[in-house]
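The values are calculated or read from the model by the stated rules, or taken from the named source; none is laboratory data. Quick caveat: nothing in here was measured; it's all calculated off a predicted structure. Neighbour counts are summed over all protein chains in view; Cβ atoms, including those assigned to glycine, are modelled from backbone coordinates with ideal geometry.
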Amino acid sequence: MSVFTDMVNKYSKIAKDLPAIRLKLAIDAANDGLALVVERLQEHGEGAEGQKFERYSEAMMPYWLINPNNYKGAGKVARFKKNAAAKRNNGSYRALRQAYGLPTNKRTFTFEGDMLLSLEVFVESHTEGKTTVVTKSRSREEQDKINWNSGMVDSNILSYNKEEIEFISQANLKRVQKLLE
């Protein structure tokens, strides 16, 4: 068989498999983006535009309504409530995070991790000519938290920044180039 025939066969197979390939590439790219966004939020406390999010509130909250049994660290929450009642902390969300051993020097959108861990890439539509994937939570409760937090900071917390878009594009380009090898 000639080199030309081999090349035609190879590219014919790629063309035939293109919808399935495009689906995999879209899912991989969205997962890359999700990992980058979660890292930026948790490690840097920054939005897609590079802004540092406002720190957690130091205003007293109705801590007496918190049920420690709703948390994985129930003992830490119970101790926080006891200390707030005794005026050893100010009963704020920031104080609760401190009692839980979580960062308070930046907004990480992570308490027990359920909200960000619930994020997944879903195929919204996939046809012969177009693939659309979305990143959203597996559960309504966690999606409501994402929406509420986005509203609190007046920004979609799952948006990509320019560097993330460039990284995703370059990673996707390498995947496509590998297919053509």
Can you name the condition, by its number, that residue 168 falls short on among (1) part of a helix (DSSP H, G or I); (2) over 15 Å from the mean Cα position of the chain (by Cα); (3) at pLDDT 95 or above?
-> (2)
Spot the failing condition for residue 139; the list is (1) in contact with a strand residue (DSSP E or B) (Cβ under 8 Å, 6 or more places away or on another chain); (2) within 21 Å of residue 27 (Cβ to Cβ); (3) of a type outside the set (Val, Ile, Thr), and only one is missed.
-> (1)
Being surrounded by fewer than 16 Cβ atoms within 10 Å (Cβ to Cβ) and out of contact with any strand residue (DSSP E or B) (no Cβ under 9 Å at 6 or more places or on another chain) is the filter here, so list the residues in region 58-75 that pass it.
-> 62, 64, 65, 67, 68, 69, 70, 72, 74, 75
Has region 66-75 got any residue that is touching a residue at least 40 places away in the same chain (Cβ under 8 Å) and not assigned by TED's automatic domain parsing to the domain that holds residue 159?
-> yes
May I ask you to list the residues in region 39-56 that are crowded, with 18+ Cβ neighbours inside 10 Å and either in a helix (DSSP H, G or I) or basic (Lys, Arg) (or both)?
-> 40, 41
Which ones in region 1-28 are of a type in the set (D, E, K, R) and either farther than 29 Å from residue 134 by Cα or touching a strand residue (DSSP E or B) at 6+ places or on another chain (Cβ under 6 Å) (or both)?
-> 6, 10, 22
Among 137, 150, 92, 118, which is the only one that is in contact with an Asp or Glu (Cβ under 8 Å, 6 or more places away or on another chain), without any contact (Cβ under 8 Å) to a residue 24 or more places away in the chain and buried (at least 16 other Cβ atoms within 10 Å of the Cβ)?
-> 137
With criteria (1) over 30 Å from residue 19 (Cβ atoms); (2) not in a helix (DSSP H, G or I), residue 128 comes up short on (1)
Assuming residue 72 fulfils every condition listed in (1) under 30 Å from residue 122 (Cα atoms); (2) not in a loop (DSSP other than H, G, I, E, B) apart from one, which condition is it?
-> (2)
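Just name the residue that is farthest from the chain's Cα centre (by Cα) out of those in region 82-125 that are among the hydrophobic types (A, V, I, L, M, F, W, C) and in a loop (DSSP other than H, G, I, E, B). Spell out how you get there, then give the answer.
Taking region 82-125 and keeping what is among the hydrophobic types (A, V, I, L, M, F, W, C), we get 84-86, 95-96, 99, 102, 109, 111, 115-117, 119, 121-123.
Subset that is in a loop (DSSP other than H, G, I, E, B): 86, 102, 109, 111.
Details: 86: 37, 102: 18, 109: 10, 111: 14 Å.
Going through the qualifying residues, I end up with 86.
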